[in-house]
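A short reminder: the numbers here are calculations on the coordinates, not readings from a lab. No experiment lies behind these values; they were computed from the predicted model shown. When we count neighbours, we look across all protein chains shown, and the Cβ atoms used for this are built from the backbone with ideal geometry, even at glycine.
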Amino acid sequence: MATAVKETSTALEVEQGFNIPDPTEIDRLEGKVSDIEWKLRCDLAATYRLCAVYGWTDLVFTHISVRLPDEDGEERFLINPYGVMFDEMTASSLVKIGLDGNPKQETPYFVNAAGFTIHSAVHSAREDAGCVIHVHTPYGVAVSVQKDGLRRYTQFSMQVYDDLAYHDYEGIALDLDERERLIADIGDKNLLMLRNHGTLTIGENCPIAFLRMYLLENSCKTQILAQSIGGAEHLHEESEDMAHRVFQQASPAFTKGLGDNLIWPGLLRKLNRTNPGFDY
């Protein structure tokens, strides 16, 4: 059985110790779950592997989740088994849990407590949060520590500037009380800068959340590269009016059925060429 997250503790109860099975050696779940769940599992496993392709991993210490259709009125989501690397993630190894932190399937894996805190917060508050991606990239963290946050230096940043919120650092996200403040800070935005910590994006599905993270990550990377020549006096920053204009121009890319269909098939072809097996 998977291990539930204890709401009264800052640690996980691990019934079977830290024996992390090879994800290719566990039972395949195709045909044992609904067709909708299997499709979501495959998309989420692909998202993990694509994050590895683009270098957005922190060993096993970040997380991506997908909301599942409610069953008997209960909200559930899929998240990574703690200890499985992003580049080896499979559809069958993903763990199904409820908003109470309890597992909703038989699994040999357990779940990162901080991952549960962050992702349960967003899924509980946002009906449109089909997928939530949270990463700790060097460039994203480097921008998160800057007092002025993300600047309007590039087209990358202006495509997401109006949709970005900030959340102050409270330590490793093990305190379930933080969920209320995180929800309040993100509001109706789809991108979040977690100060001194990392970045987070929301999408109606995996492709849209991935596209938002791609743009946010490149916004942070180009900002750090631009700042490497010196202070702000050496850089040209566009106006807020220009940022608003670019955001509106780019907004169709985040529309379900448009942006996701534009980028996702090619990304899956790339993944099948370079790292097949996510759909096991």
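Share of Cα-Cα pairs in the stretch 164-280 beyond 17 Å, in percent?
That fraction is 69 percent.
Using a Gaussian network model of the chain whose springs link C-alpha atoms within less than 10 Å, name the residue from Ser34, Ser219, Ser120 with the highest mean-square fluctuation.
Highest fluctuation of the listed residues: Ser34.
Need one number: nm distance between label points at Asp72 and Val53, each 7 Å from Cα along Cα→Cβ, rounded to one decimal.
Taking the simple label geometry, Asp72 and Val53 are separated by 3.9 nm.
Output the 0 to 90 degree angle, nearest 10, between the alpha-carbon long axis of helix 240-250 and the longest principal axis computed from the alpha carbons of the chain.
50 degrees
Residue separation times 0.36 nm, minus the C-alpha to C-alpha distance between Ser124 and Asp177: what's the value?
17.7 nm
How much space per residue, in cubic angstrom, does the convex hull of the C-alpha atoms of the stretch 65-125 take up?
Per residue, the Cα convex hull of the stretch 65-125 comes to 86 Å³.
Rank these for me by crowding, Thr24, Thr57, going from fewest to most other beta carbons within 10 Å.
Arranged by neighbour count, lowest to highest, Thr24, Thr57 become Thr24, Thr57.
Label-point separation (nm) for Glu106 and Lys270, each offset 7 Å from Cα along Cα-to-Cβ?
3.9 nm
So for the chain, what are the equivalent ellipsoid semi-axes in whole Å, largest first, each being the square root of 5 times an eigenvalue of the Cα gyration tensor?
31, 21, 17
Quick check: the distance between the Cα centres of the stretch 137-186 and the stretch 99-131, to the nearest angstrom?
Result: 20 Å between the Cα centres.
Cut-off under 19 Å on the C-alpha distance; same-chain residues fewer than 8 positions from Lys39 excluded. Which lysines are left, in chain and number order?
Result set, ordered by chain and number: Lys96, Lys104, Lys256, Lys270.
Return the FRET efficiency for the residue pair Asp35, Ala253: r is the Cβ-Cβ distance, R0 is 22 Å, and the value is rounded to the nearest 0.05.
0.20
Asn261 to Ile26: extension gain in nm, 0.36 nm per residue of separation minus the Cα-Cα distance?
Residue separation times 0.36 nm, minus the Cα-Cα distance, leaves 81.5 nm.
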